[in-house]
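Asks: Just passing along the structure, written as structure tokens.
The values are calculated or read from the model by the stated rules, or taken from the named source; none is laboratory data. These figures come from a predicted structure and were not determined experimentally. Every residue, glycine as well, gets a Cβ built from its backbone with ideal geometry; the counts of neighbours run over all protein chains shown.
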Amino acid sequence: MDTDEDHSDTLIVLQHPPVYTLGNGNSEKYLNFNIEESPIEIHRIDRGGEVTYHGPGQLVLYPILNLRYQKKDLNWYQRSLETVIIRALQSAFSIKASTIEGLTGVWVGDQKVAAIGVMCAR
């Protein structure tokens, strides 16, 4: 093993200006408007999933880590992120959140409060 390799993880926390991001498997029909006449910026990005809106007041977290030092399993990673979000909402705000089987993300009742999009590189 290379002793100079960086084993540290990073978490970037921010808010975006109004923007739509389109994942690799996107369908523009979910924008509900003509993409050529978009009211805000649209960016195609290298992650799975469909259309996601980001804007002021919405907290966005970008964890950057090497899964070789965790577990090489993206499904496990997404489920772990959901668990962290559920625990954080309960601990910090006494909000009871949950997952919905077969879907990625976190819900409070029938409202999705956390979307998860993952990009993986070798």
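Asks: Anything in region 104-122 that is modelled with pLDDT under 95 and either surrounded by 11 or more Cβ atoms within 10 Å (Cβ to Cβ) or of a type in the set (K, R) (or both)? List them, or say none.
Replies: Within region 104-122, T104, G105, K112, V113, A114, A115, I116, G117, V118, M119, C120, R122 qualify.
Asks: Are there strands (runs of 3 or more DSSP E) fully within region 38-122 with at least 2 residues that are without any contact (Cβ under 8 Å) to a residue 12 or more places away in the chain? List them.
Replies: 111-114
Asks: Name the residue that is farthest from G105 (Cα to Cα), counting only residues in region 5-58 that are out of contact with any strand residue (DSSP E or B) (no Cβ under 6 Å at 6 or more places or on another chain) and among the basic types (K, R).
Replies: Looking at residues that are out of contact with any strand residue (DSSP E or B) (no Cβ under 6 Å at 6 or more places or on another chain) and among the basic types (K, R), I get K29.
Asks: Within the set of pairs 6+ apart or on separate chains, which have a first residue in region 19-36 that is aliphatic (A, V, I, L, M), a second that is part of a helix (DSSP H, G or I) and at pLDDT below 80, and C-beta atoms under 7 Å apart?
Replies: I35/E28
Asks: Of the residues that sit in region 1-37 and are closer than 21 Å to L74 by Cβ and in a strand (DSSP E or B), which one is modelled with the lowest pLDDT?
Replies: Within region 1-37, the match that is modelled with the lowest pLDDT is L22.
Asks: Sticking with this one: In the list H43, H54, which residue meets the criterion of being within 12 Å of the chain's Cα centre (by Cα) and closer than 19 Å to A115 by Cβ?
Replies: Values: H43 fails: within 12 Å of the chain's Cα centre (by Cα).
Answer to the check: H54.
Asks: Another question about this same structure. Restricting to region 81-122, give me the number of residues that are of a type in the set (S, T, N, Q) and within 27 Å of N24 (Cβ to Cβ). Give the steps one after another, and end with the answer.
Replies: The initial filter retains those residues of region 81-122 that are of a type in the set (S, T, N, Q), namely 83, 90-91, 94, 98-99, 104, 111.
If we keep only those that are within 27 Å of N24 (Cβ to Cβ) as well, we get 83, 99, 104, 111.
Counting residues in region 81-122 that are of a type in the set (S, T, N, Q) and within 27 Å of N24 (Cβ to Cβ) gives 4.
Asks: Can you name every residue in region 60-111 that is closer than 21 Å to Q15 by Cβ and touching a helix residue (DSSP H, G or I) at 6+ places or on another chain (Cβ under 8 Å)? Lay out the reasoning, then the answer.
Replies: Kept after step one, since they are closer than 21 Å to Q15 by Cβ, are these residues of region 60-111: 60-64, 81, 84-85, 88-89, 92-93, 95, 97, 105-106, 108, 111.
Those that are closer than 21 Å to Q15 by Cβ and touching a helix residue (DSSP H, G or I) at 6+ places or on another chain (Cβ under 8 Å): P63, I95, A97, G105, V106, V108.
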